[in-house]
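What follows is a short report on a single structure.
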Amino acid sequence: MYNILFDIPKNVYITLSDSEKYLLEYITNHLQEISTMSIVKLSENASVSTATIVRLMKKIGYDGYTSFKYSLKEKNSFNDESNEMEYIGNEITQAIKKNEHEVSKTIQLQSIGQIEDAVQKLYNAEKIYIFARGFSEMIGKEMAIKLQLMGKNCEIHDDPNIIKIKSTSIQENELAIFVSLNGETEELVEACKNLNIKQITTITLTCRMESSLGVMSEMTFVGFKGSHSYFPDYEVRSRLPLSVISRILLDAYAIRML
């Protein structure tokens, strides 16, 4: 039965674990329900892990559970009365469009003249300090590595106390870059104030122009952040706009200075 329904070669079937064979039998006996069942629901109903489901799908020739459901629906002409598959497809499409919108709007917000000015300041700086906290640290670390690869003396700091201390010792021929989604991280704001007193050049990458960092920095690059979040209960909003800005800035530096 398995070979006829799923076209599974015998040599593949004998490699399945007991739990995978059980799952395959469960799916065979519940084809109509499976066509509209989520992977979580199948996991609960069949008493197997989602990892087992994914492993089985890959072993029998599918990219994943969703592609299996599409194929199952197509081969057997099951009616999806709840239109669940189309709904899931639309949700994923909206997620893609959300990211596309953030990228395109962020690019539109950038000024070529400001990019040129920032590139010149990066080039003239004897040393560059990058300050970032939380998820923004990943962008800061990538910027630091790229600048170092292009021969710049560059440091990145993410510890709150070190950020505050370092900001008091930066010299006037040096430069500081702040990476902050909302522009209000306490230690970054304090560091920017310290640098303003000493008239040190500061560049900020943020998504809020009206934020403390956005207002205080000598140069502020603003990204567009969509209002919708798929993780509303946690402060883990996407840094995609900041990543786009950092890439544009460093690509421009490479083009102009290397």
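Some notes on this structure:
- All of (1) in contact with a strand residue (DSSP E or B) (Cβ under 7 Å, 6 or more places away or on another chain); (2) farther than 19 Å from Gly183 by Cβ hold for Gln114 with one exception: (2).
- Scan of the stretch 184-220 for residues that are touching a strand residue (DSSP E or B) at 6+ places or on another chain (Cβ under 7 Å), surrounded by 20 or more Cβ atoms within 10 Å (Cβ to Cβ) and farther than 22 Å from Glu142 by Cα, ordered by number: Leu195, Ile200
- Output for the stretch 166-194, where each listed residue is free of Cβ contacts under 8 Å to residues at least 24 places away in the same chain and of a type in the set (S, T, N, Q): Ser169
- Matching helices (runs of 4 or more DSSP H) fully within the stretch 99-174 where at least 3 residues are among the small types (Gly, Ala, Ser) and either surrounded by fewer than 13 Cβ atoms within 10 Å (Cβ to Cβ) or in the same structural domain as Leu195 (by TED's automatic domain parsing) (or both): 136-149
- For the criterion of being under 24 Å from the mean Cα position of the chain (by Cα) and part of a strand (DSSP E or B), Leu205 passes.
- Within the stretch 129-139, none of the residues are of a type in the set (Phe, Trp, Tyr) and more than 25 Å from the chain's Cα centre (by Cα).
The values are calculated or read from the model by the stated rules, or taken from the named source; none is laboratory data. In this text, all values refer to a predicted model and were calculated from it rather than measured experimentally. When we count neighbours, we look across all protein chains shown, and the Cβ atoms used for this are built from the backbone with ideal geometry, even at glycine.
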